[in-house]
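> One structure coming up, written as structure tokens, with questions to follow.
The values are calculated or read from the model by the stated rules, or taken from the named source; none is laboratory data. Nothing here was measured: the structure is a model prediction, and the numbers come from that model. Here the Cβ positions follow ideal geometry from the backbone for every residue, glycine too, while neighbour counts run over all protein chains shown. For the accessible areas, the whole protein counts, side chains as well, though only heavy atoms, and no ligand, DNA or RNA atoms are used. Shrake-Rupley method; radii C 1.70, N 1.55, O 1.52, S 1.80 Å.
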Amino acid sequence: MSETSPEPSNGQSGVAVDTALVEERPAVRPAKLGPVGWARWFWRTLTSMKTALILLFLFALGSVPGSIWPQRGVSDAKVAQYFTDSPTLAEWLDRFWLFDVFRAPWFAAIYLLLFVSLIGCVLPRTAAHLRELRRKPPAPPRNLVRLPQHAAFDGDLTVETAAARLRAERFRVTTGPDWVAAEKGYLRETGNLVFHVALLGLLVAVGAGALYGYRGNVLVVEGDGFANTVAAYDRYMPGQQVSAESLEPFSFTLDDFQATYIAMGERRGQPLDFGAKLKVTDAPGAPERDYELKVNEPLDVNGTLTYLIDHGYAPTFKITDGKGQVAFDGPVPCLVAQPATFTSECVIKVPDAQPEQLGLLVAFLPTTVPMNGQWVSVFPGAANPTAQVYGAFAGDLGMRNGRPQSVYELDPASLKKMKPLVMKADPLAVGKKLDLPNGMGSIEFTGVKEWIALQITHDPGRMPAFVAAVLAVFGLVLSLTVRRRRVWVRLKDVAPATGQGAGEEPGDPSGRTEGRREHGRRRVEVGGLTRNEGGDFSEEFAEIVSALNPGVKDDR
């Protein structure tokens, strides 16, 4: 026989409970989210505006290392120099892809997460905004006096007249039996959505440019030409979807380059203008046309742009070896050592010289004058050009050992093994010759040419990115300047009070409501509010009240 709980002793009815049948209930535990719940939580977190702003900040922050450390494909020589100067630090930087920031997996992850976040943020808001555009303004609240902006006046205003006047103020209007509801400022959310869609378009344009675009650098000397092929580039950086057949088949020849400088005054030597005269062939078999290439005025061939980015001198030399044979004859592009005077440094390698290879270091002086026992250049223009050999060496240049060398320097390891022939000779004027000692030949300075450095780019996302940037600015301006606001108007018929004079009502001995009981006149209440923080709506609200009651001062 099971135990039962005792009867209540206070005379109230009780219920016997069979304690043996009462099972002990387990403790309540929170339900697990499960895969679907976690996926839903992750999606909501990723597509929130807060997450989008954080990813946008990380995207901007992740781009900073690309401007601090040299990048492969842009400054390969500086990257190599970084490994030479600081090998341990360079190794750690390379582990985090800081020499390839824009190709790094972590940068791609930020880019893709930001892209997905913006899509997930914009699409629901767009759908909600479209629903909001189709929705009519809501009916007025019961007490308009409690709104942030309110006013009241007496007049013969009707619902139709109030609606017409609010429409004239560009409000969307809906009406009821004795009220009018109006709203405007939808462009604020439209601008916000345009900004985010434009940001998405900007990301797509940048991605398309990286995949289907290419860029490269090339140095061209006066009299030489260039054909837009992979082999003709000094440095070529294609997108992942670019092949050799993707390049626009144009070519050109550099006929002449002219740089003009200020000749007198405090600004003497400063550049005035640069112009490169080209003969361009847009496609094989097309007629040749003349084009003057200037800074910020690129050559455009079917979307492929050629920019003038640098220039310098390329003096021409004729080098005869020890056996009397011409081992080198042509221009030598020199690097600018002093931009103010365009004093340049030239390196000439003559691997075909006999009986030994020759390496020469030459300083080019555009306008040469003697100063303090030395020869210097005092003006960037080639008014008195000379070439001064300050190092001539004979021996193995190390060009056959398989290691790549820069054309702008002699290999230091090989230079230590070479025999010095000349150290700092007198400058050579055009047409003058310097005989090398020990029967190793001679070097003749034969003339002056100039070279230009060009950047050739094809970016299919350039114009879409520009349009997206303009739309982003336009949307941002709308979202910052437009306010969403609502206005309600309620009309009340006021019945005359018994025992009162025609000009007063109870509780209003001043008689300000005189005429309220006249035929056709009503009590008009107006209320308004903004749906966004910031900005002052009071001035605009006063103008709206004046439009509803022209010529009469309201008694707010």
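> Return an integer: the convex hull volume of the alpha-carbon atoms of segment 131-175, in Å³ per residue. Let's see the in-between values first.
Numbers: hull volume 5.1 nm³, N = 45.
So the per-residue hull volume is 112 Å³.
> Separation of segment 330-396 and segment 219-293 by C-alpha centroid, Å?
Cα centroid to Cα centroid, the span is 25 Å.
> Quick one: length gained pulling residue 372 to residue 273 fully straight, 0.36 nm per residue minus the C-alpha distance? Write out the running numbers ahead of the final one.
Values: separation 99, 0.36 × 99 = 35.64 nm, distance 3.23 nm.
Gain on extension, residue 372 to residue 273, equals 32.4 nm.
> Further question on the same structure: Considering only protein heavy atoms and a probe of 1.4 Å, how much of the accessible area of the chain is carbon and sulfur, as a whole percent?
Numbers: 18280 of 32420 Å².
Carbon and sulfur together cover 56 percent of it.
> Specify which residue in the list 307, 283, 43 is farthest towards the positive end of the charge dipole of the chain, using unit charges on the beta carbon of Lys, Arg (+1) and Asp, Glu (-1), about the Cα centre.
43
> Taking a cut-off of 14 Å, what percent of all Cα-Cα pairs in segment 181-246 are separated by more than that?
Value for segment 181-246: 72 percent of Cα pairs lie more than 14 Å apart.
> Stick to Cα atoms and the Kirkwood definition of Rh, then tell me Rg/Rh for segment 105-191. It would help to have the intermediate numbers written out before the result.
Numbers: Rg = 20.4 Å, Rh = 16.5 Å.
So for segment 105-191, dividing Rg by the Kirkwood Rh gives 1.23.
> While we're here: Relative to the longest principal axis of the C-alpha atoms of the chain, give the angle of the C-alpha long axis of helix 187-212, reported between 0 and 90° and rounded to the nearest 10°.
Here the helix axis deviates by roughly 30 degrees.
> Also: Express the relative contact order of segment 376-499 as a whole percentage, based on alpha carbon pairs under 8 Å and six or more residues apart in sequence. Intermediate results must be reported in sequence, preceding the final value.
On the way: 90 pairs, mean separation 24.7, N = 124.
Result for segment 376-499 is 20 percent.
> Rounded to whole Å and ordered largest first, report the semi-axes of the equivalent ellipsoid of segment 68-143 derived from its Cα gyration tensor (root of 5λ).
53, 12, 10
> Let's test the formula: R0 of 60 Å, r as the Cβ-Cβ distance of residue 337 and residue 543. What FRET efficiency results, to the nearest 0.05? Don't skip to the end; give the middle numbers.
Working: r = 69 Å, r/R0 = 1.15.
Calculated value: 0.30.
> Next question, about the same structure. Using a 1.4 angstrom probe, figure out how much accessible area segment 383-469 has per residue, in square angstrom, rounded to the nearest whole. Mind showing how you got there, number by number?
Working: 4730 Å² over 87 residues.
Heavy-atom SASA per residue in segment 383-469 reads 54 Å².
> Counting other Cβ atoms within 10 Å, which GluC sites (Glu not before Pro) in segment 402-458 have at most 15 and lie in a DSSP loop? Each step should come with its number before you reach the end.
On the way: sites: 409, 444, 450; in loops: 409.
The qualifying sites are 409.
> Moving to a separate point now. Could you provide, to the nearest whole Å², the per residue accessible area of segment 198-334 with probe 1.4 Å? Before the final figure, lay out each step's value.
Details: 6890 Å² over 137 residues.
Heavy-atom accessible area per residue stands at 50 Å².
> So how exposed is residue 264, as accessible area in Å² (1.4 Å probe, rounded to 10)?
Residue 264 has an accessible surface of roughly 150 Å² with all protein chains in place.
> Moving on to the next point. Using the Kirkwood radius over C-alpha pairs as Rh, can you work out the diffusion coefficient of segment 118-251 via Stokes-Einstein at 4 °C, viscosity 1.567 mPa s, in µm² per second? Present the calculation step by step, with values, prior to reporting the outcome.
Working: Rh = 21.1 Å.
Calculated translational D: 61 µm²/s.
> Note down the magnitude of the dipole of the chain about its Cα centre, charges +1 on Lys and Arg C-beta and -1 on Asp and Glu C-beta and zero elsewhere, to the nearest 20 debye.
Working: 59 positive and 61 negative charges, 275 e Å.
So the dipole magnitude of the chain works out to roughly 1320 debye.
> Could you state the angle between the C-alpha long axis of helix 462-481 and the longest principal axis of the C-alpha atoms of the chain, as a value from 0 to 90 degrees rounded to the nearest 10?
Relative to the chain, helix 462-481 is tipped by roughly 30 degrees.
> Another question, then. Considering all projection directions equally, how large on average is the shadow of the alpha-carbon convex hull of segment 364-420, in square nanometres? Intermediate values should be presented prior to the final figure.
On the way: hull surface 21.6 nm².
Taking the Cα atoms of segment 364-420, their convex hull projects to 5.4 nm² on average.
> Can you tell me, using C-alpha contacts under 8 Å and at least 6 residues apart, the relative contact order of the chain as a whole percent? Numbers along the way, then the final one.
Numbers: 1021 pairs, mean separation 93.5, N = 556.
17 percent.
> Going through the cross-link list 78/279; 277/449; 279/318; 277/433, which pairs have a Cα-Cα distance over 24 Å in this structure?
Values: 78/279 34 Å; 277/449 14 Å; 279/318 28 Å; 277/433 31 Å.
In this structure, 78/279; 279/318; 277/433 exceed 24 Å between Cα atoms.
> In the calculated pair distance distribution of segment 251-378, what percentage of Cα-Cα distances lie above 17 Å?
Details: 5719 of 8128 pairs.
Result: 70 percent of Cα pairs exceed 17 Å.
> Once P(r) over Cα pairs in 20 Å bins from 0, in percent is worked out from the coordinates, which option in (1) 22, 57, 21, 0; (2) 20, 54, 24, 2, 0; (3) 14, 28, 22, 19, 11, 5, 1 does it equal?
So the structure-derived entry is (3).
> I've got another one for you. Report the Cys residues of the chain lacking a disulfide-compatible partner, meaning no second Cys Cβ under 4.7 Å from their Cβ.
For the chain, the answer is 121, because their Cβ atoms have no other cysteine Cβ under 4.7 Å.
> Now a separate question. What is the angle, in °, between the Cα long axis of helix 105-134 and the longest principal axis of the Cα atoms in the chain? Nearest 10 is fine, range 0 to 90.
The answer is roughly 30 degrees.
> From the C-alpha coordinates alone, can you work out the Kirkwood hydrodynamic radius of segment 349-505, in Å? Display every interim value, and only then the final one.
Details: mean 1/r = 0.0430 Å⁻¹.
Result for segment 349-505 stands at 23.3 Å.
> Something else now. How much length is gained on full extension from residue 532 to residue 84, taking 0.36 nm per residue of separation minus their Cα-Cα distance? Show your work: numbers first, answer last.
Details: separation 448, 0.36 × 448 = 161.28 nm, distance 5.81 nm.
The residue 532-residue 84 span can extend by a further 155.5 nm.
> Assign unit charges at the C-beta atoms only (+1 for Lys and Arg, -1 for Asp and Glu), then state the dipole size of segment 185-280 relative to its Cα centre in Debye, rounded to the nearest 20.
Working: 7 positive and 10 negative charges, 63 e Å.
That gives a dipole near 300 debye.
> Let me ask something else about it. Among the GluC sites (Glu not before Pro) within segment 266-304, which fall in a DSSP loop and have no more than 16 other Cβ atoms within 10 Å of their own Cβ?
Numbers: sites: 266, 288, 292; in loops: 266.
Passing both the DSSP loop test and the Cβ count: 266.
> Another question, then. How much length is gained on full extension from residue 243 to residue 297, taking 0.36 nm per residue of separation minus their Cα-Cα distance? Write out the running numbers ahead of the final one.
Working: separation 54, 0.36 × 54 = 19.44 nm, distance 2.72 nm.
Stretched out fully, the residue 243 to residue 297 stretch lengthens by 16.7 nm.
> Here's a follow-up. I'd like the accessible area for residue 390: 1.4 Å probe, protein heavy atoms, all chains in place, Å² to the nearest 10.
Surface accessible to solvent at residue 390 totals approximately 80 Å².
> Still on this structure, I have one more. Please identify every one of the chymotrypsin sites (Phe, Trp or Tyr not before Pro) in segment 147-233 that sits in a loop by DSSP and has no more than 16 other beta carbons within 10 Å of its own beta carbon.
On the way: sites: 153, 171, 179, 186, 195, 212, 214, 226, 233; in loops: 171, 186, 233.
When the chymotrypsin sites (Phe, Trp or Tyr not before Pro) of segment 147-233 are filtered for loop state and at most 16 Cβ neighbours within 10 Å, 186 remain.
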